[in-house]
1. In the stretch 227-262, what trypsin sites (Lys or Arg not before Pro) fall in a loop by DSSP, with at most 12 other Cβ atoms inside 10 Å?
2. Mind listing which GluC sites (Glu not before Pro) in the stretch 202-283 are in a DSSP loop and have 14 or fewer other Cβ atoms within 10 Å?
3. Compute the angle between helix 227-240 and the longest alpha-carbon principal axis of the chain, please, reported from 0 to 90 degrees and rounded to the nearest 10.
4. What angle, in degrees between 0 and 90 and rounded to the nearest 10, separates the Cα long axis of helix 115-129 from the longest principal axis of the Cα atoms of the chain?
5. Using a ≥ b ≥ c from the Cα gyration tensor of the stretch 282-327 (square roots of the eigenvalues), is it rounded, prolate or oblate, where a/c under 1.5 gives rounded and otherwise the larger of a/b and b/c decides, a/b for prolate?
6. Could you work out the mean projected area of the convex hull around the alpha carbons of the chain, in square nanometres to one decimal?
7. Of Lys229/Lys297; Lys297/Lys361; Lys221/Lys430; Lys221/Lys294; Lys294/Lys430, which sit over 19 Å apart, Cα to Cα?
8. Using just the Cα positions, wrap the stretch 185-400 in a convex hull and report its mean projected area in square nanometres, one decimal place.
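Any read-out appearing in this document is the output of simple, stated calculations on the displayed coordinates, not a laboratory observation. As the structure is a prediction and not an experimental result, all values here were calculated from the model. As a convention, Cβ positions derive from the backbone with ideal geometry for all residues, glycine included, and neighbour counts pool all protein chains shown.
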Amino acid sequence: MPSPLDSLKPESLWQRFDAIRKVPRPSKREEKIVGHVRGWAAQRGFEVRSDAASNTVVVVPASPGREAAPTVALQAHVDMVCEKDGGVGHDFDRDPIDVFVDGDWVRARGTTLGADNGIGMAAAMAAADDPELVHGPLELVFTVDEETGLNGAGALDASMVTARLLLNLDSEEEGAVYIGCAGAGGVEAEIAVEREASSSSPVWELALTGFAGGHSGIDIKSPRANPLKAMTHLLLELGERGAAPRLVALHGGSARNALPRECYAALALDEGDDLFGRIGEMGRALAARHPSEKGLKLALVPPAEASAPATSSRPWTPACRDRLLRLLAAAPHGVLAMSNEVEGLVETSNNLALVRTGADKVRVLTTPRSSSNAALTETLRGLVALFELAGGRTELDEGYPGWQPDPGSPLLARASAVHESLFGRVPEVKAVHAGLECGILVRKLPGLDAVSFGPDLRDPHSPNERVRVASVERFYRLLGALLGDLAAS
C-alpha cells in the first residue's frame with residue numbers, strides 16, 4: 001500500500017522513518033522497535049551489541065579505503081512520547097502512527113508523530129545503508145527509555161561504545177549545533193485524602209481541555225498556560241465567592257516531560273447548584289485570562305459521560321480540599337531563572353506535570369530542569385519542602401546531569417566548517433533547556449567529543465508535533481558531509 005511519505009526526499013531516510021512509525025515504541029515498552037533495529041542490522045550482516053537495558057549498538061564497517069578513520073557514533077533514542085487528543089482511539093502499543101503531509105510538514109492525525117527521535121534513528125540507519133555516503137567506522141548507538149528521564153543512557157554499558165566522536169541526532173532546529181543542555185530531576189508526592197462520611201449527590205465532571213501543551217523544557221518559556229494551575233485557581237475563586245466546590249477528585253497531565261493539556265475536577269453537585277448557570281461566564285473569564293490558549297474549553301459533564309471517573313463518590317473534607325488546592329496554587333510552574341551566560345536561554349524551570357486522585361490519596365508529579373546543577377538541587381529541595389509542609393510523602397528523583405558547553409570542541413569546529421561550506425553560513429552554536437543524552441554519555445565515555453543537530457521539529461510531546469520536510473533533506477546532507485569530512489582524517 002502506498003505511503004504518504006513515498007514521494008519525500010531523501011528517499012532512504014523517509015523509507016526508514018516510514019518503517020519506524022509503524023512499530024510501537026512507547027517508553028519502557030521498546031521491545032518491538034529494538035527487535036526492528038536488530039532485524040535490520042542482521043539482514044545487512046552488521047555486528048550488534050546489546051546490554052541488560054536493551055540499549056543497542058550496531059557496528060557499521062567503514063567505506064572502502066576509510067578503515068583507518070576515527071570511529072564515529074551516531075546516537076538516537078528509540079522510544080517516543082505517546083500523547084493523543086481526546087476522543088482519538090489510537091492504541092500506542094499496537095497501532096502504527098497515522099501520518100500525512102501538510103505542505104512542507106509531516107504530521108500525525110491526533111497523536112504525537114514520533115519524529116522525536118524517529119527522524120534521528122532513520123538518519124543513522126539511512127547513513128549506514130547509503131552506498132554514496134563516504135564514512136569511517138560507525139557505531140549506531142540506539143538508547144531506550146529516553147523520554148522518561150534518559151534512563152537508557154544512564155544504564156548504558158559503556159564498554160559497547162569505542163567511538164570518541166559522537167553525533168547526537170536529537171536536536172530540533174535546523175541551522176543550529178548544540179553543545180550543551182539542561183539537567184533534570186523530579187519530585188513525586190503523595191498526599192492523604194480525607195473524605196466526608198457519605199454523600200448522595202451525583203458526581204459531575206468539570207472539564208478544562210484544549211490547552212496547547214508541548215515539551216516541558218523547550219516550550220516552558222512560551223506563553224502557554226497550565227490547566228492544572230488554571231483549574232486550581234478557578235476552584236479557589238469559587239470558594240472565595242462563597243460557593244466552595246465539593247471536590248471528589250482532581251486529574252490532569254499525562255507525563256513528566258510534557259506540559260499538561262487538560263484537567264478534570266470531579267464535583268458532587270445537587271440540582272440547582274449555582275455552578276450549572278455559571279459555566280459560560282467562567283469559560284469566558286478563563287479564555288480572557290489565557291489568550292494564547294485558542295482551544296481552551298470549559299464544560300460541565302454529566303456523570304455518565306465523565307472522561308476521568310472518580311474512584312469514590314464522597315467529597316474531600318473542606319480542610320483537605322483547601323490544603324490540596326493551596327498546595328497546587330503555591331507549586332511553581334514555568335521559568336524560574338534565565339541564564340546569565342547564554343542570552344535567551346532558560347536556566348531553571350519547573351513543570352507542574354501531573355495530578356492523579358485515588359481512593360485515599362492524591363499523587364502530584366513535578367519536573368524541574370536547570371543548566372546549573374546547584375540551581376537544580378535548590379529547586380528539588382524547595383519542592384520537597386513544599387510538599388512535606390502540606391503533609392505529603394515525597395520521592396526524590398535526582399535525575400541526570402546537564403551537558404556543560406565546550407566552545408573549543410574540535411568536533412564543533414569541524415561541524416561548523418562543514419555547515420558553512422554546504423550552506424554558506426556558520427551554524428548557530430547553542431545550548432537547549434531540555435535533556436540530551438550527551439550529558440550522560442560524556443561522563444560515561446572519557447574523552448568523548450560530542451555535538452547535537454537535527455531538522456526543524458515543532459511541538460514535540462504533543463499531538464501537534466510536526467517536522468519540516470525540506471529541513472530533513474538538509475539535515476541529512478549535513479550528516480553525510482560531516483561523516484565524509486571526518487573520514488578524511
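1. For trypsin sites (Lys or Arg not before Pro) across the stretch 227-262 that sit outside H, G, I, E and B with at most 12 neighbouring Cβ atoms in 10 Å, the list reads Arg241.
2. Listed in order of number, the matching sites are Glu271.
3. 10
4. Compared with the principal axis, the helix lies near 20 degrees.
5. It comes out oblate by the Cα gyration axes.
6. So the mean shadow area of the Cα hull is 23.9 nm².
7. Lys297/Lys361; Lys294/Lys430
8. On the way: hull surface 47.5 nm².
Averaging across all directions leaves 11.9 nm² for the Cα convex hull.
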